[in-house]
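These notes are about the structure you will find just below.
Bear in mind these aren't lab numbers, they're just calculated from the coordinates by the rules spelled out. Note that the structure is a prediction, hence the values are computed from the model and not measured. Here Cβ is always computed from backbone atoms with ideal geometry, including for glycine, and neighbour counts include all displayed protein chains.
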Amino acid sequence: MAKKSKPLLVEVKSTEMVTPNLRRIIFSSDQLADYPDETAGLHIKAFIPKTGQDKPVLPKISPEGRPVWPAPEEKPYVRAYSVSYFDKDTCDIGIDFVMHKKGPASQWAANAKIGDYFGLSRPGGPETMVAEGDFYLFAGDLSALPAMRVLLSRLPEDAKGVAFILTPAKTDRVLLDIKSSEFEVKWLIGDKSDFQVLSKEVSAWDWPESKVSAWVAGESTEVLGIRKYLKTKGLSTKDYYAIPYWKLGESEEMYHAERHDIMEEIT
């Protein structure tokens, strides 16, 4: 088992509303200079202070390389995010938070101000976030948009394919840096109760005969349904990334173990 790295304590440098439902917070720390150049788009764990704490109480690392957590009443909330922005020269890193009405991460982000403290792990994720293909298929909701925005910007200039992006409102659409004129983006409108919106679009897509690389993320039921469909099209786990980021009706603590079981199935 790989040894864990000590989490970093970072400070809020700036905040901005990317869309009415997505808030970007830029964090800064000199120690971020040690992060990989292509940190943007990778997964990262966030350590959120509990109410009344000025700073999150971060886990320590044992001599065996395992995390040693503080007492339950001091243990920070832990959430997984995709890095939306990274500047190695200025040691800045950005995370886009979906503004739910509930949830410790969203509530913290809604009230975050310059100088507030936060905890971050080192970035991680699959060795290859987007497999090579002749056609690329992306599908995700607002929670997946920060990662998709980065990954779409890295597609080849001649990339062919489509991205289906589900957001609560038209005002949540963002500019995408896609270099290919042969790549289509289809914005969809829907809320948490609109299950299978993405699944229906994916299944209706005119599936090409050439090799397809797929990237899918968002609500659990939706993602698992699409993943099942991808398998019927002959895609192996090397051809797709299909990870649920959240599950309707369940908190992160309730869903944590189930999601890790799902992730183990494709690694």
Entries of Lys60/Lys228; Lys6/Lys113; Lys102/Lys231 with Cα pairs more than 30 Å apart
Lys60/Lys228; Lys102/Lys231
Extension reserve of the Gln31-Gln196 stretch, reckoned as 0.36 nm per residue once the Cα distance is removed
55.2 nm
Diffusion constant of the stretch 26-78 at 37 °C, which comes from Stokes-Einstein with the Kirkwood Cα-pair radius and 0.692 mPa s, µm²/s
249
Given just the C-alpha atoms of the stretch 112-167, how large is their convex hull per residue in cubic angstrom?
126
Considering only Ser199, Ser181, Ser28, give the residue with the highest GNM mean-square fluctuation for the chain, with springs between Cα atoms whenever their separation is below 10 Å.
Ser181
Nearest 0.05, what FRET efficiency do Met17 and Ala204 give at R0 = 51 Å with Cβ-Cβ as r?
0.95
With +1 on the Cβ of every Lys and Arg and -1 on the Cβ of every Asp and Glu, the dipole magnitude of the chain about its Cα centre, in debye rounded to the nearest 20, is 580
Could you tell me the ratio Rg/Rh of the stretch 83-220? Both radii from Cα atoms, Rh via Kirkwood.
0.98
Lys231 paired with Glu157, simple spin-label distance in nm, labels 7 Å along Cα-to-beta-carbon
4.0
Note on the stretch 10-117: alpha-carbon gyration tensor, axes a ≥ b ≥ c; rule is a/c under 1.5 for rounded, else prolate if a/b larger than b/c, else oblate; result oblate
Provide Rg and Dmax in Å for the stretch 59-130, with only Cα atoms included in the calculation.
14.7, 40
Using the charge dipole of the stretch 8-120 (Lys, Arg: +1 at Cβ; Asp, Glu: -1 at Cβ; taken about the Cα centre), state which of Asn21, Gly103, Gln53 has its Cα farthest towards the positive end.
Gly103
How much net charge surrounds Gly94 when only the other residues with a Cβ under 10 Å from the Cβ of Gly94 are counted, with Lys and Arg +1 and Asp and Glu -1?
-2
When the chain is fully extended, how far beyond the present Cα-Cα distance does Glu127 get from Thr221, taking 0.36 nm per residue of separation?
31.3 nm
Debye-sum result for the chain in log10 I(q)/I(0), which assumes one identical scatterer on each alpha carbon, at q = 0.07, 0.13 Å⁻¹:
-0.25, -0.88
Computed for the stretch 8-120: size of charge dipole around the Cα centre, +1 on C-beta of each Lys and Arg, -1 on C-beta of each Asp and Glu, debye to nearest 20, value 620
